[in-house]
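Visitor: Pasting a structure below so you can have a look.
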Amino acid sequence: MSADLPIGVFDSGVGGLTVLRALCAVLPEESFIYLGDTARLPYGTKSEHSVARYALQAADELIERGIKTLVVACNTASAAALPALQQRFSEIPVVGVIEPGARAACAATKSGRIAVLATESTVRGGAYSQAIARIRPEAEVTAIACALFVALAEEGWTEGPVAAAAAERYLAPLRAAQSRAPDTIVLGCTHFPVLKSVIASAAGPGVRLVDSAATTAQEVRQLLVTRGLQRVPGGAAPAVSFLATDAVDRFAEVGGRFFGAPIAADEVELIDL
């Protein structure tokens, strides 16, 4: 396995670009290929069987292009397909976003009460609750499906009265718990970090927010170090490539907000899975 190969990252659309952004910050010397399966988004409302099939197809595409590590930058796909991906592609590290987020939440909480904000599919599957229970069995986990956050993030309505009202509505049950309220909230969807400000405001003072994008990036960095796959500076300049399965213009327009830098439509390759 050559250390000069890029890292492959995939998501159902643009939300995973928050993970790519974190990866680029932590691993500035690395190259990346990002695949957004925009033709079939959102994954969060699909069956587990369909999500697993889509994830394997996306991973096949990235593997064929030559990568040294695969990052599943989607909570729904991590929950539905990570074991299958790790089994099929045992020759390379395959990293999801749920386990790193769960570990960070368990480390951050003092009371043992943790809330997870996620998509309907991730909440229904209980992936975060199970991951947290493996690490901290006594933890109390409350999971809330926040489907509207995805639409707000993609529309760029990350601040203002509409976003604030949605956050207040979703987090009201947590505040109502009063003395049993969680002290830590996991942003269990890669769209949600761009709404961190309104979520923090609705959560109230003293509540810690865990961003699985940042914790996943640190885990990938450690994996590369452990396996001797870090790219050595001084060679070819690192590069980022973008692939999308539909609507490259919208991918570029909306994706720039998640990536934190402009993406030109002609930089996005349209592919068919």
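Bear in mind these aren't lab numbers, they're just calculated from the coordinates by the rules spelled out. Computed from a predicted structure; not experimentally measured. Glycine gets a Cβ as well: all are built from the backbone with ideal geometry, and neighbour counts include every protein chain shown.
Visitor: With Cβ to Cβ distances under 11 Å as the rule, what net charge do the other residues near C74 carry (K, R +1; D, E -1)? Don't skip to the answer; put the middle values down first.
Guide: Numbers: positive: none; negative: D11, D37.
Charge balance in the 11 Å sphere: -2.
Visitor: May I pose another question? When a/c reaches 1.5 or more, the comparison of a/b and b/c decides; with that in mind, is the range 138-273 rounded, prolate or oblate per its Cα gyration tensor? Spell out each step's value before the answer.
Guide: Working: a/c = 2.71, a/b = 1.46, b/c = 1.86.
Oblate shape, in that a/c is at least 1.5 and b/c is the bigger or equal ratio.
Visitor: Dipole of the range 179-264 (Lys/Arg Cβ +1, Asp/Glu Cβ -1, origin at the Cα centre): which of A247, S179, C189 lies farthest to the positive side?
Guide: Among A247, S179, C189, the one farthest towards the positive end of the dipole of the range 179-264 is S179.
Visitor: Rounded to the nearest 500, what is the chain's calculated 222 nm mean residue ellipticity when only DSSP H runs of at least 4 contribute -39500 (n - 2.57) each, over all residues? Please list the in-between numbers first.
Guide: Details: 11 runs with 129 residues, N = 273.
Helix-only estimate at 222 nm: -14500 deg cm²/dmol.
Visitor: Okay, next question. Mind ranking 123-136, 207-220 by how tightly packed they are, going by the mean number of other C-beta atoms within 10 angstrom, highest first? If you can, show how the numbers build up before the last one.
Guide: Details: 123-136: 18.9, 207-220: 22.5.
Final packing ranking: 207-220, 123-136.
Visitor: Can I ask one more? Which of rounded, prolate or oblate describes the range 212-273 when judged by the alpha-carbon gyration tensor and an a/c cut-off of 1.5? Write down the numbers at each step before the final one.
Guide: Numbers: a/c = 2.21, a/b = 1.80, b/c = 1.23.
Prolate, since a/c reaches 1.5 and a/b exceeds b/c.
Visitor: Relative contact order of the chain, please, whole-number percent, based on alpha carbon pairs below 8 angstrom and at least 6 residues apart.
Guide: Working: 523 pairs, mean separation 74.2, N = 273.
Relative contact order of the chain: 27 percent.
Visitor: Taking the Cα centre of each part, how many Å lie between the range 131-169 and the range 198-225?
Guide: Measuring centre to centre over Cα atoms gives 13 Å.
Visitor: Among [x] 60, 46, 41; [y] 54, 47, 39; [z] 54, 38, 38, which is the computed Cα extents along the principal axes in Å?
Guide: [z]
Visitor: Using the Cα centre as the reference, give the magnitude of the dipole from point charges on the C-beta atoms of the chain (Lys, Arg: +1; Asp, Glu: -1; all else neutral), rounded to the nearest 20 debye.
Guide: Details: 23 positive and 28 negative charges, 236 e Å.
That gives the chain a dipole magnitude of about 1140 debye.
Visitor: Okay, next question. Dipole magnitude of the range 67-134 about its Cα centre, charges +1 at Lys/Arg Cβ and -1 at Asp/Glu Cβ only, in debye to the nearest 20?
Guide: Values: 7 positive and 3 negative charges, 41 e Å.
Dipole of the range 67-134, to the nearest 20 debye: 200 debye.
Visitor: Continuing with the same structure: Given R₀ = 22 Å, what would the calculated FRET efficiency be for K110 paired with Q222, taking r from the Cβ atoms and rounding to 0.05?
Guide: On the way: r = 25 Å, r/R0 = 1.13.
Once rounded, the FRET efficiency stands at 0.30.
Visitor: Still on this structure, I have one more. Taking a ≥ b ≥ c as the square roots of the eigenvalues of the Cα gyration tensor of the range 48-188, is the shape rounded (a/c under 1.5), prolate (a/b larger than b/c) or oblate? Intermediate values should be presented prior to the final figure.
Guide: Values: a/c = 2.51, a/b = 1.50, b/c = 1.67.
Verdict is oblate for the range 48-188.
Visitor: Expressed as a rounded percentage, what relative contact order does the range 98-212 have, with Cα pairs under 8 Å and six or more residues apart?
Guide: Details: 183 pairs, mean separation 41.3, N = 115.
Computed value for the range 98-212: 36 percent relative contact order.
Visitor: Put +1 on the Cβ of each Lys and Arg and -1 on the Cβ of each Asp and Glu in the chain; which of Y54, C74, I263 then has its Cα farthest toward the positive end of the dipole?
Guide: C74
Visitor: Summarise the long-distance tail of P(r) for the range 1-95 by giving the % of C-alpha pairs beyond 16 Å. Please list the in-between numbers first.
Guide: On the way: 2202 of 4465 pairs.
For the range 1-95, the share of Cα pairs beyond 16 Å comes to 49 percent.
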